Structures are given as C-alpha cells and as structure tokens.
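The values are calculated or read from the model by the stated rules, or taken from the named source; none is laboratory data. Please read all numbers here as calculations on a predicted model, not as lab measurements. Using ideal geometry, Cβ is built from the backbone for each residue, glycine included, and neighbour counts are taken over all protein chains shown. Keep in mind that these areas ignore ligands, DNA and RNA; they rest on the heavy atoms of the full protein, side chains included. Shrake-Rupley method; radii C 1.70, N 1.55, O 1.52, S 1.80 Å.
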Amino acid sequence: MFLRLVFLLLFGAISRLHAQEAFSDNLPTRADAKPGESTPESAWLDLRQNTPRHSTPQNAPPWVEAVTLFPAQGTGDTMPKTVFRIRVARPSQDYQVLLFRLFFDDKPGQQPELVAWDESGTHILRSGALGSGINLPASDSVMIPMTDTSSIDIEVPGDGKTVRAAYLDWMTSSGVVHPLNAEHRDVIPEPFSSMPPLHSPIQDTERFGTVIATLAAETIQIGTDIQQSAAFQFGVEAQPLAALLTFEIANPRIDAPPEIYLNGEDIGPVSLALPELADPGYRGEMEPLLSQMHFQYTGWLRAQKIVPVASLKAGTNDVIVVNGAGSGASAIRATQIQLKYLWDKTDYVLKTGD
C-alpha cells in the first residue's frame, strides 16, 4: 500500500535554535526480521517545484506521512529560506536510523541543511550545510536518528528551486571485519555503490615498493578546454614499473570522462567506477537536434588512469586533467599518483621465448 503525496503551500517561520547531534548504534540486523514480516520500502521524493504537463501524483510508502513546503521569511539581513518538511513515522520500533540522501544544485550561499524535530518542536539533529559550494549538481547523505524524530526539514536559502529530490531508506547493521593494517575509513554506506571516499595522504607514503603522493587534496573546477583544466607537477627519481593517477570527480558525464595529458601528450580518458544505473544520482540531459539522452552523475565518483611509464621522465612531470568533449563543468578532488617500483618480494614471472 502506498500513500499519495501532494505539496501543501504554507507560510511560516522556523526557529534557528542549535541542537545537539544524537545517534544510536543499536541498529537491527537483517537476521532480526520476523518470518512473514515485510521489509519497509525505500522512498524517492521528487521535490522539484515545476509541474510537467503529464505529471502524476507521486507515490511513497506509508511511513512517509506528508511532504509540505514552507516559503519562510528572512529575518534582518539574512536571506529568506525555503523549508521542505517531511513527516515520517517509523515502520516499527526496530528501525531507529534513517539514511537521507538529498539531491540538489550545490550553489555557494544556497547550500541546504537537514534539521530533525521531535513532536514537541525540539531539535534532534542539525546536519550543517551540505555540499561544498562547487556550483554543480550534487548529492549528499546524512544518517538521522529516528527514535524521537517525527519530521525532517530541508532548509535552503532562496526559493528552494535548487533542491531536486530526496532518497530515504531505513538502516540495518551487519558485522564488518577489516584488516588490522588497512586504513580505517568511516563510510556512510550508499545503497547503490560501496566505493568509499578517497583520502589523500598529507605526506608521501611508501608500502611494498609503491609510493603514493598527493598532488592536490582540495577541490578544483575543470571544464572542456585547456584554459579550464587542472594542472599538476610531480617529481620522479627513477622510472617506475607502473603508475596510476586517481581522483574523485563531481558531475561527470559518464560517456565522456576527463582526458589526461602527460608531459604534453594525450594519454586518453580516465575510467570511472560507476554505481548501478538504478542510482537516482544519474541525471539525464537532452540537447537540441540530438535523439540520444546523455547522463551526468550528480555526486562524486572515483576516476583512475593507468599512466604509461614510457611517457614519464626522471625529474619533473606535468599532468593536466580536462573534461571530455560536451561534458560541461565538473570538479575534481583528492588527486594522487601511485608509482610502483621493484620490491625485494615483488611477484613476477620471467617468460622465455618459444
């Protein structure tokens, strides 16, 4: 059974009190499900304020009780904020944490924020500004404790038209093991991809004959020509056996990934680690006189490129990252290079000629 949702246009003001963040580790496991008990459906909420000609009322599972829109007034010198309020009822007492993934245009000064409330109007959680102000379509996730939460607000400066949609799903737990000597990463699991965020080491590191060096940890905007590219330099003491360039990219066009230039030579496009196509992060784009829809991914993806070692040289090397033709604007971050050298325990095979 699904509940039909309709936007109610209401006017109101919202208090700006600070709340203490809260979170519970007492999550149910998948094995906790009782025989015959159905798993709660996830929810996809279209929050766009346009009304397509052939649109129909959207469906949501029964635990999403209502979605309302509050164009709020600004106070003093503050920019007016629009508030989307989502009223939620837990499917059962076992479900205590909700994954809330918001899709929005990440404009500077208009970054959205999630606020969780209980029935008495007390803050349970305030997420802080989502995104990083990169002026690109984006998505961001927050885990919200739901033991006392009855509604979740999306507060966004302006008219709210930068907010596009939300994906909601209940969290369960499972036992996770990881190697003792592997880097520990705190990850909010996404339902369509298990790739963790890329971390860039502050200092160059060496392990098993492989050197990892950060070229730039910060976010850099890139476009489709050299004037809008990201340029890096790195030194090489001796030619490696293999080299790998890695970074994360926001809003890439999946069929036209960035091109890499090494020491003035075009060495080809990167490979993108794509999530499954059911991910709502894919956003279609149609262009005049073209019948094929192209897709951008409104989030961060891992990008990698094997660098031909013959193109590397001892001393300083130059790398340029430029977006693929027709891709528009993107941004990259956590750019790093890995150089693999002969190690005293390197595993290799010497093949003899026939």
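Identify the residue in segment 97-110 that is surrounded by fewer than 21 Cβ atoms within 10 Å (Cβ to Cβ) and not hydrophobic (A, V, I, L, M, F, W, C) and, among all such residues, is nearest to the chain's Cα centre (by Cα).
The extreme case among them is ASP105.
Looking only at segment 260-272, count how many residues are within 22 Å of ILE212 (Cα to Cα) and assigned to a loop (DSSP other than H, G, I, E, B).
Number of matching residues: 2.
Let's see how each residue does on (1) open to solvent by less than 50 Å² (accessible area, probe 1.4 Å); (2) at pLDDT below 95:
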| position | (1), (2) |
| --- | --- |
| SER311 | yes, yes |
| ALA314 | no, yes |
| GLY324 | yes, yes |
| SER327 | yes, yes |
| THR335 | yes, no |
| TYR341 | no, yes |
| THR346 | yes, yes |
| LEU350 | no, yes |
| ASP354 | no, yes |
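Report every pair of residues separated by at least 6 positions or lying on different chains whose Cβ atoms are under 6 Å apart, first residue within segment 111-130 and without any contact (Cβ under 8 Å) to a residue 24 or more places away in the chain and within 14 Å of SER141 (Cα to Cα), second polar (S, T, N, Q) and assigned to a loop (DSSP other than H, G, I, E, B).
What qualifies is ALA129/GLN111.
Among PRO288, PRO257, PRO275, which is the only one that is over 28 Å from GLY209 (Cβ atoms) and either outside any loop (DSSP other than H, G, I, E, B) or free of Cβ contacts under 8 Å to residues at least 12 places away in the same chain (or both)?
The unique qualifying residue is PRO288.
Return yes when GLN58 is open to solvent by less than 70 Å² (accessible area, probe 1.4 Å) and modelled with pLDDT under 90 and no when it is not.
For GLN58, the condition - open to solvent by less than 70 Å² (accessible area, probe 1.4 Å) and modelled with pLDDT under 90 - is met.
Which one of these is at pLDDT 90 or above and in a loop (DSSP other than H, G, I, E, B): GLU218, GLU206?
GLU218
Return the only residue of GLY76, GLY121, GLY133, GLY128 being out of contact with any strand residue (DSSP E or B) (no Cβ under 6 Å at 6 or more places or on another chain), modelled with pLDDT under 90 and either open to solvent by less than 50 Å² (accessible area, probe 1.4 Å) or of a type in the set (A, V, I, L, M, F, W, C) (or both).
GLY121
Kindly indicate whether PRO240 is assigned to a loop (DSSP other than H, G, I, E, B), open to solvent by less than 40 Å² (accessible area, probe 1.4 Å) and not β-branched (Val, Ile, Thr).
yes
Among the residues of segment 308-345, what is the count of those that are in a loop (DSSP other than H, G, I, E, B) and of a type outside the set (D, E, K, R)?
13
For segment 265-288, which residues satisfy the criterion of being among the hydroxyl-bearing types (Ser, Thr, Tyr) and surrounded by fewer than 17 Cβ atoms within 10 Å (Cβ to Cβ)?
Result: SER271, single match.
Scan segment 80-110 residue by residue and report those that are on the phi < 0 side of the Ramachandran plot and either small (Gly, Ala, Ser) or without any contact (Cβ under 8 Å) to a residue 24 or more places away in the chain (or both).
ALA89, SER92, GLN93
Taking PHE11 as meeting all but one of (1) among the hydrophobic types (A, V, I, L, M, F, W, C); (2) modelled with pLDDT of 90 or more; (3) open to solvent by 30 Å² or more (accessible area, probe 1.4 Å), write down the number of the exception.
(2)
Is there a residue being assigned to a loop (DSSP other than H, G, I, E, B) and within 21 Å of GLY281 (Cβ to Cβ) anywhere in segment 75-90?
The answer is no; no qualifying residue exists.
Keeping to segment 289-309, report how many residues are surrounded by fewer than 18 Cβ atoms within 10 Å (Cβ to Cβ) and closer than 30 Å to ALA238 by Cα.
The number of residues fulfilling the criteria is 4.
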